[in-house]
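S.K.: Shown below is the structure under consideration.
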2 protein chains.
Amino acid sequence: MKRTAFFLSDGTGITAEALGQSLLVLFPNCEFERVTLPYIDTIEKAREAVARINRACETDGLRPIVFDTVVNGEVQQEIRRSKGCMIDILGTFLKPLEAELGVRSTCTTGRSHSIAAKAYYEKRIEAMNFALDNDDGARSRYYDEADIILTGVSRSGKTPTCIYMALQYGIKAANFPITEDELHDQRLPDALRTHKRKIFGLTIDPERLAIIRNERKPNSRYSSIKQCNYEVEEVELMYRRERIPHLNSTDYSVEEISTRIMMMTGIERQIR
Amino acid sequence: MKRTAFFLSDGTGITAEALGQSLLVLFPNCEFERVTLPYIDTIEKAREAVARINRACETDGLRPIVFDTVVNGEVQQEIRRSKGCMIDILGTFLKPLEAELGVRSTCTTGRSHSIAAKAYYEKRIEAMNFALDNDDGARSRYYDEADIILTGVSRSGKTPTCIYMALQYGIKAANFPITEDELHDQRLPDALRTHKRKIFGLTIDPERLAIIRNERKPNSRYSSIKQCNYEVEEVELMYRRERIPHLNSTDYSVEEISTRIMMMTGIERQIR
């Protein structure tokens, strides 16, 4: 028995998806077909959404679950007419918040278009360009500007982490790979030595590293378990010798790696 | 009068931040100091969090607002002892969901470590590597694999959008710049012509483009308003002539651009 879950929003729907998904995974024995309905910001679009929800209700023979983050009162009212089980994510918390804060909320939509949001956007894009320009040791002359410099062996997760930190938090993250020669000599690259306070090391289980490298260069020395074992062992030794804070990324998503690094280093987000 | 808002979670805190932030912006006249407390997944960490919340309560002279997405019952119970105004984001909706679904929820933490999450992680990283490898027309021999190919003039937002679509949705997005020569001849690049169904065009207001380009190359021909006007006019003409679906990205965040492209093209997310 499959049921449809709708994530409905007057914006991107990303918050409705994140929260709805967090709730749905708590019901592992139920099967859901997931549908996102973004930009439902007029009565007309709301009516179309209601029609779609009601169709799913008939097809499934089960009431759809509708997670929504619509703020606008009229749109919200229209949506509530659907046959779905309505989870009004923002509305539910507005009353207790108004009571606590002692003021009424403003029901604005298009919130991300504010001037503050624009400044954040620029900061995020600037940080992302920084990550791309300073990826994989491409340049190190801008390390003065960096908030953090990730290091580690090839394919230990440096680039995705840098880009995620830029996009989500506006953090300027560079990354610099540690090569086999440097591992052999147990010598931190010069580009890093002068910015030692900013360095954070990533490490990864050798078995996992071998799988990832095999996707890039199958059956090569580079992707052999022997080579991966050697590199990981040496880089972890280097981290300990040089007292570089580090994290094993094996079991973590890119979000988790990023937030853990921020927690461990105390680096603050640059945007809100 | 400043009040502290806490985003508290047994995971990254990203969902608590997203929802809490969506609610706080509805109170534009209140000033909040925002603090994220991620990975509160033991009783001990919960007690430390409570102490921190209570300290803020004393310092501010106002009850902090605490948005939390903790699922674990014992941790949740401990947190509830704080002096903050508690917004229990997941717990609030669990009862109505259990009633509707007719089953009890499982109170699992560390949800993102599941096998499914691992597969998603790989898909996202694979998509991101695809975006990086196929950035700025660097290669076009993998366009068969692409879900979408973004095009547009230099600095119209192609790269950030590609990377965001990869990270958030696991979509393989390449991007290809349109050069001045091609604009002049009103000729779609050959690399794109063979994949016309996959092309999506970005455009941007010339004034905004000039500002962005000026940050990269100040006072150059490239960043002059005259040049930006010319390029934008020609590229929009090309989109219309070639019937390429397109979007003006000027007023949108990277999240909004991505979700709008998906809506306009019907491209589906590759991960859940």
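The values are calculated or read from the model by the stated rules, or taken from the named source; none is laboratory data. Every value quoted in this text rests on a predicted model; they were computed, and no experiment measured them. Methodologically, a virtual Cβ is constructed for each residue, glycine included, from the backbone with ideal geometry; neighbour enumeration extends over all protein chains shown. We work out accessible area using only protein heavy atoms, side chains counted, and drop any ligands, DNA or RNA first. Shrake-Rupley method; radii C 1.70, N 1.55, O 1.52, S 1.80 Å.
S.K.: Considering only the stretch B:128-160, state which residues are within 14 Å of chain A (Cβ to nearest Cβ), among the charged types (D, E, K, R), within 19 Å of the chain's Cα centre (by Cα) and not in a helix (DSSP H, G or I).
M.R.: Listed by number, the list holds a single entry, B:155.
S.K.: What are the pairs, 6+ residues apart or on separate chains, where a residue within the stretch B:183-197 that is surrounded by 12 or more Cβ atoms within 10 Å (Cβ to Cβ) has its Cβ under 8 Å from a residue that is assigned to a helix (DSSP H, G or I) and at pLDDT below 90?
M.R.: Here the result reads B:189/B:137; B:191/B:137, each pair linking the stretch B:183-197 to a residue that is assigned to a helix (DSSP H, G or I) and at pLDDT below 90.
S.K.: I would also like to ask the following. Of (1) out of contact with any Gly (no Cβ under 9 Å at 6 or more places or on another chain); (2) at the interface with chain A (Cβ under 7 Å from one of its Cβ atoms); (3) at pLDDT 85 or above, residue B:121 satisfies all except one. Which?
M.R.: Answer for residue B:121: the failing condition is (3).
S.K.: Check B:211, B:271, B:261 and return the single one that is closer than 30 Å to residue B:145 by Cβ, part of a helix (DSSP H, G or I) and within 13 Å of chain A (Cβ to nearest Cβ). Quick ask: steps written out before the conclusion?
M.R.: Values: B:211 fails: closer than 30 Å to residue B:145 by Cβ; B:271 fails: part of a helix (DSSP H, G or I).
Result: B:261 is the single residue among B:211, B:271, B:261 that is closer than 30 Å to residue B:145 by Cβ, part of a helix (DSSP H, G or I) and within 13 Å of chain A (Cβ to nearest Cβ).
S.K.: Name the pairs: first residue in the stretch B:33-52 and farther than 14 Å from residue B:67 by Cα, second residue open to solvent by 40 Å² or more (accessible area, probe 1.4 Å) and acidic (Asp, Glu), Cβ to Cβ under 7 Å, at least 6 apart or on different chains?
M.R.: B:43/B:74
S.K.: Look through the stretch A:249-258, keep the residues that are more than 8 Å from chain B (Cβ to nearest Cβ) and assigned to a loop (DSSP other than H, G, I, E, B), and return whichever of them is surrounded by the most Cβ atoms within 10 Å (Cβ to Cβ).
M.R.: The selected residue is A:249.
S.K.: On to the next question. Can you tell me which residue within the stretch A:221-248, out of those that are among the polar types (S, T, N, Q) and either open to solvent by less than 30 Å² (accessible area, probe 1.4 Å) or modelled with pLDDT under 95 (or both), is nearest to residue B:128 (Cα to Cα)?
M.R.: A:223
S.K.: Scan the stretch B:189-205 and give yes if some residue there is closer than 21 Å to residue B:255 by Cβ and part of a helix (DSSP H, G or I), otherwise no.
M.R.: There is no residue in the stretch B:189-205 that is closer than 21 Å to residue B:255 by Cβ and part of a helix (DSSP H, G or I).
S.K.: What is the residue count in the stretch A:162-181 for residues that are touching a residue at least 12 places away in the same chain (Cβ under 8 Å) and over 24 Å from residue A:255 (Cα atoms)?
M.R.: Total satisfying the criteria: 1.
S.K.: Being acidic (Asp, Glu) and modelled with pLDDT of 95 or more is the filter here; which residues of the stretch A:146-185 pass it? Don't jump to the end; show me each part of the working.
M.R.: Restricting attention to the stretch A:146-185, the residues satisfying the condition of being acidic (Asp, Glu) are A:147, A:180-182, A:185.
Selection gives A:147 alone.
Conditions (1) out of contact with any helix residue (DSSP H, G or I) (no Cβ under 7 Å at 6 or more places or on another chain); (2) hydrophobic (A, V, I, L, M, F, W, C); (3) not in a loop (DSSP other than H, G, I, E, B), marked per residue:
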position: A:222; (1), (2), (3): no, no, no
position: A:226; (1), (2), (3): yes, no, yes
position: A:232; (1), (2), (3): no, yes, yes
position: A:239; (1), (2), (3): yes, no, yes
